[in-house]
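Q: Could you have a look at this structure, given as structure tokens, before my questions?
Please treat every number below as a calculation from the coordinates, not as lab data. Bear in mind the structure is a predicted one, so any value in this text is a computation, not a measurement. Cβ placement follows ideal geometry from the backbone for every residue including glycine, while neighbour counts extend to all protein chains displayed.
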Amino acid sequence: MTKYFKTNNVIIRKFEMTDVEQACLNLSEDENFEETKMSIKSAINEYYTDEPTWAVEDKTTKNLVGRISVSNYSPKNKMCNISWIMSYKHWDNKFMKDALTQIFNFLFTKKNIELIECSYYEQDNNTNVILEEIGMTKEATLRDRRINEKTNKKENFVIYSISKQEFMENRSGEAIQRRFRRFMHKKTS
């Protein structure tokens with residue numbers, strides 16, 4: 001069963017049909033209202049499967065700011081793929097980092113996943129920053145894999161991944177660093 005999550009910045013939850021308007025405004029570049037409505041219906045229907053899509057909501061404003069989806073789930077190989085969409089005005093803050101970290105923790109600790117992959121086209125030039133901040137490693141760049149419809153230029157396809165072990169080591173390392181910073185702050189105060 002899929003869960004509802006909260007972080008300091010976001011609420012990660014099941015989509016609702018009332019999200020259609022905000023999804024059109026914040027998350028859709030090319031989709032029209034009917035396509036967005038169908039996409040959200042699909043997300044609602046798939047929520048309790050092994051390949052859910054979560055809505056990411058700003059905890060303060062309650063506005064829909066993103067979505068995270070699981071795909072290519074393989075219980076045999078203990079792996080899955082993650083994709084997301086984030087509103088442009090929220091790319092520079094930590095909303096998606098918070099949300100992805102929470103989802104990764106859920107997948108690694110509750111769903112028996114051992115490896116998470118994320119792939120994207122290089123036009124999404126800030127994606128690598130978020131992936132690297134949460135500890136993912138670039139595994140491959142597949143050159144010239146599609147022609148961008150807007151620029152008419154070829155784009156590379158990039159693949160990142162993180163193992164359960166790497167994620168857990170990163171989390172414990174971050175916790176140690178936080179404790180050390182608090183200790184040093186108290187010591188200098």
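Q: Would you mind classifying the stretch 1-69 by shape? Square roots of the alpha carbon gyration tensor eigenvalues, ordered a ≥ b ≥ c; an a/c under 1.5 is rounded, otherwise it is prolate if a/b is larger than b/c and oblate if not. List each step's numbers first, then the result.
A: On the way: a/c = 2.25, a/b = 1.13, b/c = 1.99.
Here the stretch 1-69 falls in the oblate category.
Q: Let me ask something else. Show me, for the stretch 51-68, the HN-Hα J-couplings you get by feeding each phi into the Karplus relation (A = 6.51, B = -1.76, C = 1.60, θ = phi - 60°), rounded to Hz, glycine and proline as x.
A: For the stretch 51-68, the Karplus-derived couplings read 10, x, 10, 9, 8, 10, 10, 5, 5, 7, 8, 6, 7, 6, 10, x, 8, 10 Hz, x marking Gly and Pro.
Q: Still on this structure, I have one more. Distance from a point 7 Å along Cα→Cβ of Glu133 to each backbone N in the stretch 47-70: keep the residues under 20 Å and list them by number.
A: Only 54-69 pass the distance filter.
Q: OK, next. Once you keep just the Cα pairs under 8 angstrom separated by 6 or more residues, what percentage relative contact order results for the stretch 5-188? Don't skip to the end; give the middle numbers.
A: Numbers: 279 pairs, mean separation 29.2, N = 184.
Over the stretch 5-188, the number comes to 16 percent.
Q: While we're looking at this one, here's another question. If you take the charge dipole of the chain about its Cα centre, with +1 on Lys and Arg Cβ and -1 on Asp and Glu Cβ, which of Cys118, Ser39, Asn156 is farthest toward its positive end?
A: Projecting each Cα onto the dipole axis, the largest value belongs to Cys118.
Q: If you don't mind, another one. Taking R0 as 45 Å, what FRET efficiency do you get between Tyr4 and Thr151 from their Cβ-Cβ distance, rounded to the nearest 0.05?
A: On the way: r = 39 Å, r/R0 = 0.86.
Efficiency, from the Cβ-Cβ distance: 0.70.
Q: At a temperature of 25 °C and a viscosity of 0.890 mPa s, determine how fast the stretch 99-142 diffuses translationally according to Stokes-Einstein, using the Kirkwood radius over alpha-carbon pairs as Rh; express D in µm²/s, rounded to the nearest whole number. Could the numbers behind the result be given before it?
A: Working: Rh = 11.6 Å.
Once the numbers are plugged in, D ends up at 212 µm²/s.
Q: Using unit Cβ charges (K, R positive; D, E negative) and no other charged atoms, how large, in debye to the nearest 20, is the dipole of the chain about its Cα centre? Mind dumping the intermediate values first?
A: Numbers: 31 positive and 28 negative charges, 235 e Å.
That gives a dipole near 1120 debye.
Q: Once you mark the GluC sites (Glu not before Pro) that are in a DSSP loop and have at most 11 other Cβ atoms within 10 Å, what is the longest gap between them in the chain? Provide the component values of the computation, followed by the final result.
A: Values: sites that count: Glu29, Glu149.
Formally, the longest exposed-site-free interval is 30-148.
Q: DSSP H helices in the chain with Cα extent of 15 Å or more along the helix axis and mean Kyte-Doolittle hydropathy at least -1.0?
A: Values: long enough: 33-46 (20 Å, -0.61); 95-110 (22 Å, 0.46); 164-188 (36 Å, -1.67).
In the chain, the long hydrophobic H runs are 33-46, 95-110.
Q: Report the far tail of the P(r) of the stretch 5-188, meaning the percent of Cα-Cα pairs longer than 24 Å. Each step should come with its number before you reach the end.
A: Numbers: 7387 of 16836 pairs.
Taking all Cα-Cα pairs of the stretch 5-188, the fraction more than 24 Å apart is 44 percent.
Q: Further, regarding this structure: Determine which residues of the stretch 80-107 fall in the zone a paramagnetic label at Leu25 would reach in this model, i.e. backbone nitrogen under 15 Å from the point 7 Å along Cα→Cβ.
A: Inside the label zone: 87-90.
Q: Let me ask another. Among the lysines, which have Cα under 19 Å from the Cα of Lys94 when same-chain residues fewer than 8 positions away are ignored?
A: Within reach: Lys6, Lys59, Lys62.
Q: Subtracting the Cα-Cα distance from 0.36 nm times the residue separation, let me have the gained length for Ser83 to Asp144 in nm, one decimal.
A: Working: separation 61, 0.36 × 61 = 21.96 nm, distance 2.04 nm.
Working it through step by step, the gained length comes to 19.9 nm.
Q: Report, in listed order, any pair from Lys111/Lys164; Lys97/Lys164; Lys37/Lys153 with a Cα-Cα distance greater than 19 Å.
A: Lys37/Lys153
Q: For the chain, set up a Gaussian network in which alpha carbons nearer than 10 Å are linked by springs, and say which option among Val65, Val158, Val129 fluctuates the most.
A: Val129
Q: OK, next. Please find, in a Gaussian network model of the chain (springs between Cα atoms separated by less than 10 Å), the residue of Cys24, Cys80, Cys118 whose mean-square fluctuation is greatest.
A: Cys24
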